[in-house]
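J.: Below is a structure I'd like to ask you about.
Coordinate-derived values only; no laboratory data. This one's a predicted model, so the numbers in the text were calculated from it and none came from an experiment. So basically every Cβ, Gly included, is an ideal-geometry build from the backbone, and we count neighbours across all protein chains shown.
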Amino acid sequence: MQKIINLFFKLLEFLVVACMVAMVVMVFGNVVLRYGFNSGIDISDEMARYFFIWLTYIGAMLAMREKGHLGVDTLVMHLGIGGKKLCLFLSETLMLACNVLFFVGTWQMHALQVSNVSPVVGISMIWIYGIGYVVGVVMGLMNLNVLYRLLTGRLREDELVQVIETEGLAEVEKQLKEAKV
């Protein structure tokens, strides 16, 4: 099962790269065509916008898996195990609720987005906004996994704070502790 999950996230990483490359090629190509040849590709602006939307949401899923989202752990780091567990439970529950709302909102807007067609490209807007289904499910499953592991006691103490420190911060904190001693 872990292999399938890893393959899925590798696919997402590939899609992020593909969206970025497509955006650069379309925008740069359009600039060159407009200034050099007084023409352009009609769909490039619209498709670059759509790729940016997909890139943002796919990147959010990848960042959540790598614990790369912003977090404030100043208080949580000083709490005991019980406090850390409570904060993690509340955090994951609130994120799960947001993911459910995101999925339900996409579901409620589905009929409108299917019938709404993009002005230049002419594709159904559900291809753009339907990423809400994927994000809601994937991130919701990640929240449920953490909650399950928390409630069954399978999380280690170092996993109770779901924020990874930035590279230089750990060294600065170490130097501050040494200066106080």
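J.: Please list, short to long, the whole-number percent of alpha-carbon pairs of region 40-96 in consecutive 10 angstrom bins beginning at zero.
T.: 19, 32, 22, 14, 9, 4, 0
J.: Going by average Cβ neighbours within 10 Å, how do the peptides 124-131, 95-102, 11-18 rank, with the highest at the top?
T.: 124-131, 95-102, 11-18
J.: In the chain, what is the count of Lys pairs whose alpha carbons are under 29 Å apart, counting only pairs at least 8 residues apart or on separate chains?
T.: Lysine pairs meeting both conditions in the chain amount to 12.
J.: Per q in 0.22, 0.27 Å⁻¹, report the Debye log10 I(q)/I(0) for region 1-66, using one uniform scatterer on each alpha carbon and no solvent.
T.: These q points yield log10 I(q)/I(0) values of -0.85, -1.06.
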